[in-house]
There are 2 protein chains.
Amino acid sequence: MIKVSVMYPNGPDARFDDDYYRERHMPMVKELMGDALMYYTIDRGMAGGAPASNAPYIAMGHLFCDSVDAFQAGFGPHTKEIMGDIPNYTNQTPVVQISQVVVGQA
Amino acid sequence: MIKVSVMYPNGPDARFDDDYYRERHMPMVKELMGDALMYYTIDRGMAGGAPASNAPYIAMGHLFCDSVDAFQAGFGPHTKEIMGDIPNYTNQTPVVQISQVVVGQA
(Lines give C-alpha, C1' and ligand atoms only; values in the text may rest on other atoms or scores of the structure.)
Protein backbone atom coordinates (compact mmCIF):
# COMPACT_ATOMS: atom_id res chain seq x y z
CA MET A 1 0.00 0.00 0.00
CA ILE A 2 1.17 3.53 -0.72
CA LYS A 3 0.17 6.82 0.82
CA VAL A 4 0.14 10.20 -0.85
CA SER A 5 0.52 12.88 1.81
CA VAL A 6 -0.59 16.38 0.87
CA MET A 7 0.79 18.71 3.55
CA TYR A 8 -0.19 22.38 3.79
CA PRO A 9 2.55 24.51 5.40
CA ASN A 10 1.58 26.58 8.41
CA GLY A 11 2.53 30.21 8.87
CA PRO A 12 1.30 33.54 10.21
CA ASP A 13 -0.72 34.21 7.05
CA ALA A 14 -1.81 30.66 6.38
CA ARG A 15 -5.52 30.28 5.71
CA PHE A 16 -7.31 26.91 5.65
CA ASP A 17 -11.04 26.26 5.46
CA ASP A 18 -11.48 23.00 7.37
CA ASP A 19 -15.15 22.66 6.57
CA TYR A 20 -14.69 23.07 2.83
CA TYR A 21 -11.77 20.66 2.80
CA ARG A 22 -13.62 17.99 4.80
CA GLU A 23 -17.08 18.41 3.30
CA ARG A 24 -16.32 19.26 -0.31
CA HIS A 25 -12.73 18.90 -1.49
CA MET A 26 -11.83 15.46 -0.15
CA PRO A 27 -15.21 13.88 -1.00
CA MET A 28 -14.74 15.24 -4.53
CA VAL A 29 -11.30 13.61 -4.75
CA LYS A 30 -12.78 10.33 -3.54
CA GLU A 31 -15.55 10.46 -6.10
CA LEU A 32 -13.21 11.35 -8.97
CA MET A 33 -10.65 8.67 -8.08
CA GLY A 34 -13.23 5.94 -7.63
CA ASP A 35 -11.88 2.51 -6.78
CA ALA A 36 -8.28 3.70 -7.24
CA LEU A 37 -8.60 5.34 -3.80
CA MET A 38 -8.86 2.85 -0.96
CA TYR A 39 -9.51 5.53 1.66
CA TYR A 40 -8.28 8.87 2.92
CA THR A 41 -7.54 10.54 6.22
CA ILE A 42 -7.43 14.19 7.32
CA ASP A 43 -5.26 15.77 10.04
CA ARG A 44 -5.58 19.25 11.54
CA GLY A 45 -2.35 20.71 12.91
CA MET A 46 -2.48 21.43 16.64
CA ALA A 47 1.12 22.03 17.74
CA GLY A 48 4.76 21.36 17.01
CA GLY A 49 7.03 19.12 19.01
CA ALA A 50 8.69 21.86 21.08
CA PRO A 51 6.70 23.52 23.89
CA ALA A 52 4.49 26.37 22.66
CA SER A 53 5.55 25.82 19.03
CA ASN A 54 3.17 25.84 16.09
CA ALA A 55 2.38 22.85 13.91
CA PRO A 56 4.63 22.83 10.82
CA TYR A 57 1.56 21.98 8.73
CA ILE A 58 -1.83 23.60 9.20
CA ALA A 59 -3.51 20.51 7.75
CA MET A 60 -2.70 17.30 5.92
CA GLY A 61 -4.67 14.94 3.74
CA HIS A 62 -3.49 11.40 3.01
CA LEU A 63 -4.66 9.26 0.09
CA PHE A 64 -4.16 5.48 0.43
CA CYS A 65 -3.89 3.37 -2.73
CA ASP A 66 -2.72 -0.10 -3.65
CA SER A 67 0.23 1.17 -5.68
CA VAL A 68 1.75 4.24 -7.29
CA ASP A 69 0.32 3.03 -10.61
CA ALA A 70 -3.16 2.83 -9.12
CA PHE A 71 -2.80 6.34 -7.70
CA GLN A 72 -1.60 7.79 -10.98
CA ALA A 73 -4.33 6.05 -12.95
CA GLY A 74 -7.00 7.37 -10.58
CA PHE A 75 -5.66 10.85 -9.92
CA GLY A 76 -3.93 11.71 -13.20
CA PRO A 77 -7.00 12.30 -15.37
CA HIS A 78 -8.45 14.65 -12.71
CA THR A 79 -5.31 16.54 -11.71
CA LYS A 80 -6.44 19.85 -13.16
CA GLU A 81 -9.84 19.76 -11.49
CA ILE A 82 -8.46 18.68 -8.13
CA MET A 83 -5.56 21.15 -8.10
CA GLY A 84 -7.86 23.90 -9.34
CA ASP A 85 -9.98 23.50 -6.22
CA ILE A 86 -7.10 24.24 -3.82
CA PRO A 87 -7.53 28.06 -3.79
CA ASN A 88 -11.11 27.48 -2.59
CA TYR A 89 -9.86 26.37 0.83
CA THR A 90 -6.29 27.58 1.29
CA ASN A 91 -3.68 30.11 0.25
CA GLN A 92 -0.90 27.59 0.84
CA THR A 93 0.93 25.46 -1.73
CA PRO A 94 1.03 21.90 -0.47
CA VAL A 95 4.14 19.78 0.00
CA VAL A 96 3.48 16.36 -1.50
CA GLN A 97 5.08 13.07 -0.60
CA ILE A 98 4.48 9.53 -1.84
CA SER A 99 5.37 6.94 0.78
CA GLN A 100 5.38 3.21 1.06
CA VAL A 101 3.32 2.19 4.07
CA VAL A 102 5.82 -0.05 5.86
CA VAL A 103 3.67 -0.60 8.94
CA GLY A 104 -0.03 0.13 8.57
CA GLN A 105 -0.99 -0.37 12.18
CA ALA A 106 1.07 -1.85 15.03
CA MET B 1 -7.89 10.97 18.58
CA ILE B 2 -4.57 12.73 18.05
CA LYS B 3 -1.58 11.79 15.96
CA VAL B 4 2.03 12.66 16.64
CA SER B 5 3.92 12.68 13.36
CA VAL B 6 7.69 12.33 13.57
CA MET B 7 9.07 13.25 10.14
CA TYR B 8 12.72 12.72 9.18
CA PRO B 9 13.87 15.19 6.50
CA ASN B 10 15.38 13.74 3.36
CA GLY B 11 18.57 15.02 1.75
CA PRO B 12 21.67 13.91 -0.11
CA ASP B 13 23.41 12.90 3.13
CA ALA B 14 20.36 11.57 4.95
CA ARG B 15 20.87 8.17 6.50
CA PHE B 16 18.01 6.04 7.83
CA ASP B 17 18.15 2.43 9.00
CA ASP B 18 14.68 1.09 8.15
CA ASP B 19 15.24 -2.26 9.81
CA TYR B 20 16.38 -0.78 13.10
CA TYR B 21 13.50 1.69 13.13
CA ARG B 22 10.87 -0.94 12.36
CA GLU B 23 12.26 -3.81 14.42
CA ARG B 24 13.75 -2.02 17.43
CA HIS B 25 12.94 1.67 17.82
CA MET B 26 9.20 1.73 17.28
CA PRO B 27 8.53 -1.49 19.22
CA MET B 28 10.52 0.08 22.09
CA VAL B 29 8.35 3.20 21.95
CA LYS B 30 5.24 1.04 22.00
CA GLU B 31 6.47 -0.93 25.01
CA LEU B 32 7.50 2.19 26.94
CA MET B 33 4.25 4.05 26.24
CA GLY B 34 2.03 1.09 27.09
CA ASP B 35 -1.68 1.74 26.92
CA ALA B 36 -1.14 5.44 26.22
CA LEU B 37 -0.28 4.45 22.64
CA MET B 38 -3.24 3.13 20.66
CA TYR B 39 -1.12 2.18 17.67
CA TYR B 40 1.56 3.46 15.33
CA THR B 41 2.27 3.51 11.62
CA ILE B 42 5.49 3.81 9.61
CA ASP B 43 5.97 5.38 6.17
CA ARG B 44 9.02 5.13 3.93
CA GLY B 45 9.51 8.05 1.52
CA MET B 46 9.38 7.05 -2.15
CA ALA B 47 9.03 10.27 -4.12
CA GLY B 48 7.85 13.85 -4.09
CA GLY B 49 4.85 15.20 -5.89
CA ALA B 50 6.69 16.60 -8.92
CA PRO B 51 8.03 14.17 -11.53
CA ALA B 52 11.45 12.74 -10.62
CA SER B 53 11.52 14.65 -7.32
CA ASN B 54 12.66 13.15 -4.04
CA ALA B 55 10.43 12.59 -1.04
CA PRO B 56 10.67 15.55 1.37
CA TYR B 57 10.90 13.06 4.25
CA ILE B 58 13.00 9.91 4.13
CA ALA B 59 10.68 8.28 6.68
CA MET B 60 7.86 9.12 9.07
CA GLY B 61 6.46 7.49 12.16
CA HIS B 62 3.02 8.35 13.52
CA LEU B 63 1.85 7.72 17.08
CA PHE B 64 -1.92 7.61 17.64
CA CYS B 65 -3.30 8.41 21.11
CA ASP B 66 -6.64 9.31 22.63
CA SER B 67 -5.54 12.82 23.53
CA VAL B 68 -2.54 15.10 23.91
CA ASP B 69 -2.69 14.46 27.66
CA ALA B 70 -2.54 10.72 27.07
CA PHE B 71 0.44 11.14 24.75
CA GLN B 72 2.32 13.34 27.18
CA ALA B 73 1.61 11.01 30.09
CA GLY B 74 2.84 8.02 28.09
CA PHE B 75 5.79 9.58 26.28
CA GLY B 76 7.00 12.21 28.75
CA PRO B 77 8.64 9.91 31.32
CA HIS B 78 10.57 8.15 28.53
CA THR B 79 11.55 11.13 26.41
CA LYS B 80 15.26 10.88 27.17
CA GLU B 81 15.47 7.16 26.38
CA ILE B 82 13.43 7.45 23.18
CA MET B 83 15.22 10.54 21.86
CA GLY B 84 18.56 9.05 22.80
CA ASP B 85 17.90 6.13 20.46
CA ILE B 86 17.52 8.37 17.38
CA PRO B 87 21.24 8.44 16.44
CA ASN B 88 21.12 4.65 16.25
CA TYR B 89 19.06 4.79 13.06
CA THR B 90 19.41 8.23 11.52
CA ASN B 91 21.58 11.33 11.26
CA GLN B 92 18.48 13.51 10.75
CA THR B 93 16.67 15.66 13.31
CA PRO B 94 12.95 14.95 13.02
CA VAL B 95 10.24 17.51 12.45
CA VAL B 96 7.42 16.83 14.90
CA GLN B 97 3.76 17.70 14.57
CA ILE B 98 0.78 16.98 16.80
CA SER B 99 -2.46 16.79 14.81
CA GLN B 100 -6.08 16.25 15.52
CA VAL B 101 -7.34 13.34 13.41
CA VAL B 102 -10.34 14.98 11.78
CA VAL B 103 -11.17 12.05 9.51
CA GLY B 104 -9.66 8.70 10.48
CA GLN B 105 -10.78 6.76 7.43
CA ALA B 106 -13.19 7.79 4.70
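The values are calculated or read from the model by the stated rules, or taken from the named source; none is laboratory data. Since the structure is predicted, the reported quantities are computational estimates derived from the model, not experimental observations. Here the Cβ positions follow ideal geometry from the backbone for every residue, glycine too, while neighbour counts run over all protein chains shown. Just so you know, the surface numbers come from the protein's heavy atoms only, side chains and all, with ligands and any DNA or RNA stripped out. Shrake-Rupley method; radii C 1.70, N 1.55, O 1.52, S 1.80 Å.
Brief remarks on what is shown
- Between copies, A:Glu31 shows label-point distances of 5.0 nm, shortest first, with the point placed 7 angstrom from Cα along Cα to C-beta.
- Close amide H partners of B:Asn10, meaning residues 5 or more places away or on another chain with modelled amide H under 5 Å apart, are B:Tyr57, B:Ile58.
- Inter-copy label distances at B:Val96, using a point 7 Å along Cα-to-Cβ, come to 3.1 nm with the shortest given first.
- Here the simple spin-label model places points 7 Å from the Cα toward Cβ, and for A:Asp17 and A:Ser53 these points are separated by 3.2 nm.
- Of all accessible heavy-atom area on segment A:2-100, the percent that carbon and sulfur account for (1.4 Å): 51
- Reach of A:Lys3 by Cα under 24 Å, taken over lysines that are not fewer than 8 positions away in the same chain: A:Lys30, A:Lys80, B:Lys3, B:Lys30
- Rg over Rh, two decimals, chain B (C-alpha only, Kirkwood Rh): 0.98
- Percentage, to the nearest whole number, of Cα pairs in the protein assembly as shown over 32 Å apart: 14
- Label-to-label distance, A:Val68 versus B:Val96, with points set 7 angstrom from Cα along the beta-carbon direction: 3.2 nm.
- Just checking the listed ones, B:Val95, B:Val29, B:Val68: in the Gaussian network model of chain B with Cα springs under 10 Å, the one fluctuating most is B:Val95.
- If you plug the beta carbon distance of A:Met28 and B:Leu32 into 1/(1 + (r/R0)^6) with R0 = 45 Å, you get a FRET efficiency near 0.60.
- Contact surface A-B: accessible area buried, both sides summed, square angstrom, 1.4 angstrom probe: 2900
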